């Protein structure tokens, strides 16, 4: 399975729905998408990971890169994920402290810290 | 000791194939279903790292993966042929431009961090002629039929 990406706007947030496998082969596509959004002025991103079957450190690197970019514009990058096997990778790497992780898109969109 | 060996050109698109093969052989060897996700992720990380090392050093040799079924454990060895420098050293062939080098180093370390977080039994060795990551998981022998 390849990577699928779709974006939609909810209020001032841009929701990026990701599906499939994020690995060394597909991660560049996600990186391009995030860079493009930030370049187009979308600085508040919600990345919906519910459709992700596989995530590795390359994917984590892209998400961290995205966070760095939006923060440069005082933006935010929130994740939506309920899958234990994906959450485990964020825990192992200590990234649960870096990313706000939400249980639903609605919750992520409403969150303001 | 039964072994399945896989050699693939250092290209990102083949890492997925390595993950699928490794998971299939691990399942057959008796690795617990609950651990297969970890096997898949760990072997993917090791192969991703090897592909990156080969690509940045311009090595045309393939990445080697050995899937080894032993009596009570299943082991995976991922070998690269990149000459390894002491951690912290700047590699001599490093391109000068931007911050590309540091990003690569960070990603390499993140991959190793994931592997060591996932796998209890892991050994990383490296020398002038390449590196090897060896990871092992316990296996459950097939249930014996009680008459």
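Criterion first (in contact (Cβ under 8 Å) with a residue 24 or more places away in the chain, within 10 Å of the chain's Cα centre (by Cα) and farther than 24 Å from residue B:117 by Cα) does residue A:18 satisfy it? Walk me through it before giving the result.
On the way: in contact (Cβ under 8 Å) with a residue 24 or more places away in the chain: yes; within 10 Å of the chain's Cα centre (by Cα): yes; farther than 24 Å from residue B:117 by Cα: yes.
In short, yes.
For residues in the stretch B:61-84 being outside any strand (DSSP E or B) and at pLDDT 95 or above, which is nearest to the other protein chains (Cβ to nearest Cβ)?
Once the filter is applied, the top-ranked residue is B:80.
Among (1) farther than 30 Å from residue B:14 by Cβ; (2) in contact with a helix residue (DSSP H, G or I) (Cβ under 8 Å, 6 or more places away or on another chain); (3) loosely packed, with under 15 Cβ neighbours inside 10 Å, where does residue A:43 come up short?
The one condition residue A:43 does not meet is (3).
Restricting to the stretch B:12-41, what's the tally of residues that are outside any helix (DSSP H, G or I) and out of contact with any helix residue (DSSP H, G or I) (no Cβ under 7 Å at 6 or more places or on another chain)?
Number of matching residues: 2.
What number of residues within the stretch A:1-15 satisfy the criterion of being in contact (Cβ under 8 Å) with a residue 40 or more places away in the chain and surrounded by 13 or more Cβ atoms within 10 Å (Cβ to Cβ)?
Total meeting the criteria: 4.
For the stretch B:42-53, does any single residue satisfy the condition of being in contact with a strand residue (DSSP E or B) (Cβ under 6 Å, 6 or more places away or on another chain) and outside any helix (DSSP H, G or I)?
There is no residue in the stretch B:42-53 that is in contact with a strand residue (DSSP E or B) (Cβ under 6 Å, 6 or more places away or on another chain) and outside any helix (DSSP H, G or I).
Can you pull out every residue in the stretch B:31-42 that is surrounded by 17 or more Cβ atoms within 10 Å (Cβ to Cβ) and more than 10 Å from every other protein chain (Cβ to nearest Cβ)?
B:31, B:35, B:39
With the requirement that a residue be surrounded by fewer than 18 Cβ atoms within 10 Å (Cβ to Cβ) and either within 14 Å of chain A (Cβ to nearest Cβ) or closer than 26 Å to residue A:53 by Cα (or both), what does the stretch B:43-60 give you?
B:55, the sole residue that qualifies.
Within the stretch A:72-85, does at least one residue satisfy the condition of being within 10 Å of another protein chain (Cβ to nearest Cβ) and surrounded by fewer than 18 Cβ atoms within 10 Å (Cβ to Cβ)?
Yes, because at least one residue in the stretch A:72-85 is within 10 Å of another protein chain (Cβ to nearest Cβ) and surrounded by fewer than 18 Cβ atoms within 10 Å (Cβ to Cβ).
How many of the residues making up the stretch A:40-57 are outside any strand (DSSP E or B) and either on the phi > 0 side of the Ramachandran plot or within 11 Å of another protein chain (Cβ to nearest Cβ) (or both)?
Summing the residues that are outside any strand (DSSP E or B) and either on the phi > 0 side of the Ramachandran plot or within 11 Å of another protein chain (Cβ to nearest Cβ) (or both) in the stretch A:40-57 gives 3.
Going residue by residue through the stretch A:17-39, is there one that turns out to be modelled with pLDDT of 95 or more, farther than 23 Å from residue B:49 by Cβ and either within 11 Å of chain B (Cβ to nearest Cβ) or loosely packed, with under 14 Cβ neighbours inside 10 Å (or both)?
yes
The values are calculated or read from the model by the stated rules, or taken from the named source; none is laboratory data. Computed from a predicted structure; not experimentally measured. Glycine gets a Cβ as well: all are built from the backbone with ideal geometry, and neighbour counts include every protein chain shown.
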